[in-house]
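Everything below concerns the one structure shown next.
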4 protein chains.
Amino acid sequence: MPKTKVAIIGAGFSANIHAESYNRFVPDAELVAVCARDAQKTERFAAEHRIAKAYCNYDQLLAESGAEVIDICVPNYLHHEICMKAAKAGKHVIVEKPLAITIEQADEMIAACKQSGKLLCYAEELCFAPKYEKVRKLVEEGAVGDIYMLKQAEKHSGPHSRWFYEPEYSGGGVLMDMGCHALAWFLWMNKGAKPISVTSKLQRVLHKSTDAEDNTVVIVEFDNGVIGIAEDSWARHGGMDDRIEVYGTEGVSYADLFQGNSALTYSRKGYGYAAEKAETTTGWTFTMFEEAFNQGYPHELKHFIECVRENKEPVCGGEMGRLVMEMLYAAYASGKSGAKVMLPFTAKVEKPIDLWL
Amino acid sequence: MPKTKVAIIGAGFSANIHAESYNRFVPDAELVAVCARDAQKTERFAAEHRIAKAYCNYDQLLAESGAEVIDICVPNYLHHEICMKAAKAGKHVIVEKPLAITIEQADEMIAACKQSGKLLCYAEELCFAPKYEKVRKLVEEGAVGDIYMLKQAEKHSGPHSRWFYEPEYSGGGVLMDMGCHALAWFLWMNKGAKPISVTSKLQRVLHKSTDAEDNTVVIVEFDNGVIGIAEDSWARHGGMDDRIEVYGTEGVSYADLFQGNSALTYSRKGYGYAAEKAETTTGWTFTMFEEAFNQGYPHELKHFIECVRENKEPVCGGEMGRLVMEMLYAAYASGKSGAKVMLPFTAKVEKPIDLWL
Amino acid sequence: MPKTKVAIIGAGFSANIHAESYNRFVPDAELVAVCARDAQKTERFAAEHRIAKAYCNYDQLLAESGAEVIDICVPNYLHHEICMKAAKAGKHVIVEKPLAITIEQADEMIAACKQSGKLLCYAEELCFAPKYEKVRKLVEEGAVGDIYMLKQAEKHSGPHSRWFYEPEYSGGGVLMDMGCHALAWFLWMNKGAKPISVTSKLQRVLHKSTDAEDNTVVIVEFDNGVIGIAEDSWARHGGMDDRIEVYGTEGVSYADLFQGNSALTYSRKGYGYAAEKAETTTGWTFTMFEEAFNQGYPHELKHFIECVRENKEPVCGGEMGRLVMEMLYAAYASGKSGAKVMLPFTAKVEKPIDLWL
Amino acid sequence: MPKTKVAIIGAGFSANIHAESYNRFVPDAELVAVCARDAQKTERFAAEHRIAKAYCNYDQLLAESGAEVIDICVPNYLHHEICMKAAKAGKHVIVEKPLAITIEQADEMIAACKQSGKLLCYAEELCFAPKYEKVRKLVEEGAVGDIYMLKQAEKHSGPHSRWFYEPEYSGGGVLMDMGCHALAWFLWMNKGAKPISVTSKLQRVLHKSTDAEDNTVVIVEFDNGVIGIAEDSWARHGGMDDRIEVYGTEGVSYADLFQGNSALTYSRKGYGYAAEKAETTTGWTFTMFEEAFNQGYPHELKHFIECVRENKEPVCGGEMGRLVMEMLYAAYASGKSGAKVMLPFTAKVEKPIDLWL
């Protein structure tokens, strides 16, 4: 069986992680093309990742590249547009989180892929991060009894790219960027249960010149009595922090993808790279390694390519991404009203953060 | 370029890790055959790892399987015999640690592979464990200044297979099993320097019905003033412990492959598997994940296959394995005399532990 | 200056910690009497802590013991009654948390002590725990910039004494027992700011045969924009967990009083005592030491005795305890309504948990 | 019973810790005098610690102060001289580690105190550090079975005071300063057993302009088969590190006095004080608290004062200090010869380091 042809749209941070993951860990996939706005950057990206063709126009890529799978790694506001065209072109689609800017977009994307008979894969790597998956499996084995509370936190001091802070491109702040991870992971861990309410507290504490919320706490209630607590921040210094806590009636499990995996280094002079968003490498640092692998990107993309090749449904598809969007809407609305927001919830807005601003 | 055909000799613990590593992480390799004594176990192994042919006789495998690379994952006393035949058959050879039982065997193995013009790869995975490699790279960048001391420890409560405790099969106890890791890693971290002496203290504290030493401390002096301290034990309960410490004039770095990577779980009921050699899964446990990857097996085997395909010398070859043998001899001799043993050192013995017993 | 005479009311868990703390660490105090219902237990307590007089009736103690300070270490429902009599008898009063069952009781206690001209000390040891105090001091020095979020969690698998689970004696479940710690500590860390709202989620997950809530999350908003997040649980196995996180615009600080201070032990046979509420001492355990000291009891009681001797106001007095009561009421009310409850808040109830049940 | 009158000789680092410990934690002791060379510094010290009399001449102090106990906290080379005079003056003596510069001095000090009928207390605080003592107690309870190996390490980047680096004042480098801790602790943990050999490796790696060794490993064999491994360094950056590991046939226990007790702080601006020998407070730091208490100084001095008052032998007296001296001699000798040195061992030298230089 020949390799599955994949094109990456985007040449930024997540595009790089995806490309590394395919090349090192997904031998059934072949990167045939990449597309990004800046021609020079795109050429460099193609060269670095040994990709044959580099485009600056994705219509052209869709028409010419021969890719079967379009992996969308661009700013949030472009997800819908590219997904729709890819679906129309008969491609399988992988979309980086969050699925879209609005619920309506999400619905259209799901419908378009259903109509084309192709997969819509929602790239939530926390459903594949190997340490978290090991925890999920021991929970399935009954190690902690019945779950009653799930916690997930992702924190750093803010993205480097400007568009994250501009809601017309991102849809909102840290909730859109990282809150979506926690919400999707709750759905994954508590599979079969339905979220019934969202309560949140949103703050803007560090990036005050922007509209974007940068510190948040979200409480989700599920119909089986389980609660999820998501903490997300762009205001926490000291490098990336990503952790889970799983509480059950017979035990508890804690896992952490960065500090808890790292070497511990003291350096007077500093060194090249410690970890994502680490602000310094002098003094004590938590030295990270194999970050893509530890976050589950290879496992995720391998799964998606397997689904394409074996015509299976991905464990995280458009429906999960769409439900996360709904919960994000509810989180912004609760942040505004201070009240618990019941699900299902929707609203007519241009972007989720409008419900809070 | 077609895939490189690999045959695994052995169907035990390390054979399993190698097979998993090839299949998941080394797409340029193809497992074409496996050979072990027990026909049923071998068939099961072949089925589990999707290997076409299962043999019970490695002469037959060498003659028929078409393998280009023979990966030797059997008890120590068989390394030499199989390597010699594989070399004679014109195969590249990968040998699990330690290289052999005696220095003479090691010399013959090196000579045989040299004569056949094929590679002799010494499978020291610590030279590839990604966390340790990240530390090595920051040391190369100058993060900790000039190294003056290296420490490596590997400890658990003893192997499950009987042959490890029987020196005629193993050559010795925990030094042969795990001390070799530390010694090889010192050579790798302190590349270019020559070990000049070995001082050791060996104990038999837990497995008293055997001849094998089960708790050891070894101090190695190098010609550049660096010292290495190896601690290895089969007497430490609580699951596998593998850690390094790198001390330099400008800093220090600590890394740990098991507890330091794990999720932390409390379970009243227990669960399936926590980590290599963990004795229980109830109460607090350090829950490990992706053990093969974290120990560097995929990176190691990928490197060896790359060397085969590109005709390169492996970073850890027969010479490293042979020098480790010499240091092991010296460690046993020092354990006996209580005195520092200068290198080069050799002795006429049937097995290294004879120098101590 | 002679020693200050102290009488302890109660002979249970917290009475023991107080007695140990006075005797080992507060030389200016002299334990002159103890009072508890069970005569034999009280005698034993007196003997163990070298206390001259043991009473079974606190009226008698108040009349005869000569104590200047009455330290109330009994179940919550007795705080008010004993405090009122002690105040009337002209004694200084120390009350273990929470201050009382109802806000009305708290108000009466404050008024009674004001009238008697004696101190009402609210025994919130987290305001004295030396590790947390070190964090508070570095925050005052500006180490983390402006605080925007405080977190405090206290979790174990539930008290041993029956009365904690019976709201007529306790006033409620884990919020009354341990949530009060977090709320008081927020007030201490964010001194000068006023809490303006409380939002909470309460669950009953492990102790289902009782009325008491046993897992809770509470979000407090302050008028300076800071938020506090309290997590408290009687449903988390594995021994006591007490931790704080302080988030600021220029940094973050994490501290933990139990696991993060402990020795790490693996024992196949087990041993006498690992830590408060630890359910086992076999396998891996976090071995605690000097628990009273690490939780700040000696520092707390030393401060109270100093206040008595030097006629100073304690840093945590009746007003703090009363405000904590109000926040507890609001937390129960929010747990019921699912809505944010604004402060000031009060209600006519027999006990706080009635607002939730 | 009146308080026991104590005079401190010295006004430096350890004098400060002792004074803090007496004042806060040893109510049965009264600091009546302090003596140091620099009058101004001594006055300041006396004022800070509320000590009535400040001397610049210890003969005068011995004659006039009325102290019953002389607590010697001065550079090593003065221990013998002051101890001898104190003994002659009929005082109990507490000597900070190491006991003296030479074995002959140690013998004279022991004899002098025996003759005067007063106590000679050897101030080894590791025999009192509460976390280590908790470990010792669980070992006594059988938690780890039979001990076979003890490890102790103390490391930082070097003392601030100049005299430590000048062997005529100190007797040697890091072994004299900190190696003595490990050796004494081995004797304490393995009580009743006799050390029979010492093997060591000494380096000078960071403080190259001095004669003093600054990185060492020492292996001690005991007559009951237990071994002790001491690692001591003045070359390890990142703040004080003090840790133990206790290995037994049924378990293991790890404890750490600094990093393992600390809050974990990230500060962009820095703050006042993180921990002993911490070189910076910006970035990630391990924030220590109650250092004197955690190292066991209060417990130690309380014990000594109790011994004085109740006429008991201290658990660490002159004999322990003298045996540590012998082991230090052996460690220097082994460092020179590279051979194991059998005990008992002595040599005619002016200072221990002469055996290595």
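The values are calculated or read from the model by the stated rules, or taken from the named source; none is laboratory data. Note that this is a predicted model, so its numbers are computed, not measured. Glycine also receives a Cβ, built like all others from the backbone with ideal geometry; neighbour counts cover every protein chain displayed. The protein model used for the area step is the full one, side chains on, heavy atoms only, and it has no ligands, DNA or RNA in it. Shrake-Rupley method; radii C 1.70, N 1.55, O 1.52, S 1.80 Å.
Details
- The range C:22-51, subset in contact with a Pro (Cβ under 8 Å, 6 or more places away or on another chain) and over 19 Å from C:LYS91 (Cβ atoms), residue most open to solvent (accessible area, probe 1.4 Å): C:ARG24
- Qualifying residues in the range A:230-242 (those that are facing another protein chain (nearest Cβ under 10 Å) and not in a strand (DSSP E or B)) - the one nearest to A:CYS127 (Cα to Cα): A:GLY239
- Filtered residues of the range D:1-16 (kept if open to solvent by less than 70 Å² (accessible area, probe 1.4 Å) and farther than 21 Å from D:LYS91 by Cβ): D:ASN16
- In the range D:287-299 there is at least one residue that is more than 30 Å from A:THR281 (Cβ to Cβ), open to solvent by 30 Å² or more (accessible area, probe 1.4 Å) and in contact (Cβ under 8 Å) with a residue 12 or more places away in the chain.
- So B:GLU350, is it surrounded by fewer than 19 Cβ atoms within 10 Å (Cβ to Cβ), of a type in the set (D, E, K, R) and within 22 Å of the chain's Cα centre (by Cα): yes
- Every residue from the range C:44-80 that is among the charged types (D, E, K, R) and closer than 18 Å to C:GLU96 by Cβ: C:ASP71
- All strands (runs of 3 or more DSSP E) inside the range C:243-325 with 3 or more residues being within 14 Å of chain B (Cβ to nearest Cβ): C:263-267, C:283-287
- Test: C:ILE305 is of a type outside the set (Ser, Thr, Tyr), touching a helix residue (DSSP H, G or I) at 6+ places or on another chain (Cβ under 9 Å) and over 30 Å from C:LYS91 (Cα atoms): no
- Taken over the range C:177-197, the residue count meeting the criterion of being outside any helix (DSSP H, G or I) and of a type in the set (A, V, I, L, M) is 2.
- Identity of the residue in the range D:241-253, under 17 Å from the mean Cα position of the chain (by Cα) and open to solvent by less than 10 Å² (accessible area, probe 1.4 Å), that ends up nearest to D:GLU141 (Cα to Cα): D:ILE244
- Of all residues in the range B:248-268, exactly one satisfies the criterion of being modelled with pLDDT under 95 and either closer than 23 Å to C:LYS155 by Cβ or charged (D, E, K, R) (or both), namely B:GLN259.
- Hits in the range C:103-133 (condition: farther than 25 Å from A:ALA235 by Cβ, surrounded by 23 or more Cβ atoms within 10 Å (Cβ to Cβ) and within 14 Å of chain D (Cβ to nearest Cβ)): C:ALA129
- In the range A:52-92, residue modelled with the lowest pLDDT [restricted to those that are open to solvent by 20 Å² or more (accessible area, probe 1.4 Å) and hydroxyl-bearing (Ser, Thr, Tyr)]: A:TYR58
- Boolean, D:GLY172 is within 11 Å of another protein chain (Cβ to nearest Cβ) and not in a helix (DSSP H, G or I): no
- Residue within the range C:219-229 that is free of Cβ contacts under 8 Å to residues at least 40 places away in the same chain, outside any strand (DSSP E or B) and surrounded by fewer than 24 Cβ atoms within 10 Å (Cβ to Cβ) present: yes
Condition check ((1) hydroxyl-bearing (Ser, Thr, Tyr); (2) touching a helix residue (DSSP H, G or I) at 6+ places or on another chain (Cβ under 9 Å); (3) open to solvent by 20 Å² or more (accessible area, probe 1.4 Å)) across all residues:
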{"position": "C:ASP146", "(1), (2), (3)": "no, no, yes"}
{"position": "C:ARG162", "(1), (2), (3)": "no, yes, yes"}
{"position": "C:PRO167", "(1), (2), (3)": "no, yes, no"}
{"position": "C:LEU175", "(1), (2), (3)": "no, yes, no"}
{"position": "C:MET178", "(1), (2), (3)": "no, no, no"}
{"position": "C:PHE186", "(1), (2), (3)": "no, yes, no"}
{"position": "C:SER200", "(1), (2), (3)": "yes, yes, no"}
{"position": "C:HIS207", "(1), (2), (3)": "no, yes, yes"}
{"position": "C:ASP214", "(1), (2), (3)": "no, yes, no"}
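- The criterion of being touching a strand residue (DSSP E or B) at 6+ places or on another chain (Cβ under 7 Å) and under 24 Å from B:PRO298 (Cβ atoms) holds for B:VAL135.
- Pair list, Cβ under 6 Å, 6 or more apart: the range C:327-341 residue facing another protein chain (nearest Cβ under 9 Å) and open to solvent by 20 Å² or more (accessible area, probe 1.4 Å), other residue of a type in the set (A, V, I, L, M, F, W, C) and not in a helix (DSSP H, G or I): C:ALA339/A:ALA339
- Total residues in the range C:148-158 satisfying the condition of being under 15 Å from the mean Cα position of the chain (by Cα) and either of a type in the set (S, T, N, Q) or farther than 30 Å from C:LYS191 by Cβ (or both): the figure is 1.
- When residues of the range A:188-198 are limited to those that are in contact with a Phe, Trp or Tyr (Cβ under 6 Å, 6 or more places away or on another chain) and without any contact (Cβ under 8 Å) to a residue 60 or more places away in the chain, the one surrounded by the most Cβ atoms within 10 Å (Cβ to Cβ): A:ASN190
- The residues on offer are B:ARG24, B:ARG37, B:ARG44, B:ARG50, and the sole one that is basic (Lys, Arg) and touching a Cys at 6+ places or on another chain (Cβ under 7 Å) is B:ARG37.
- For the range B:134-147, a tally of residues being facing another protein chain (nearest Cβ under 7 Å) and in a helix (DSSP H, G or I) returns 3.
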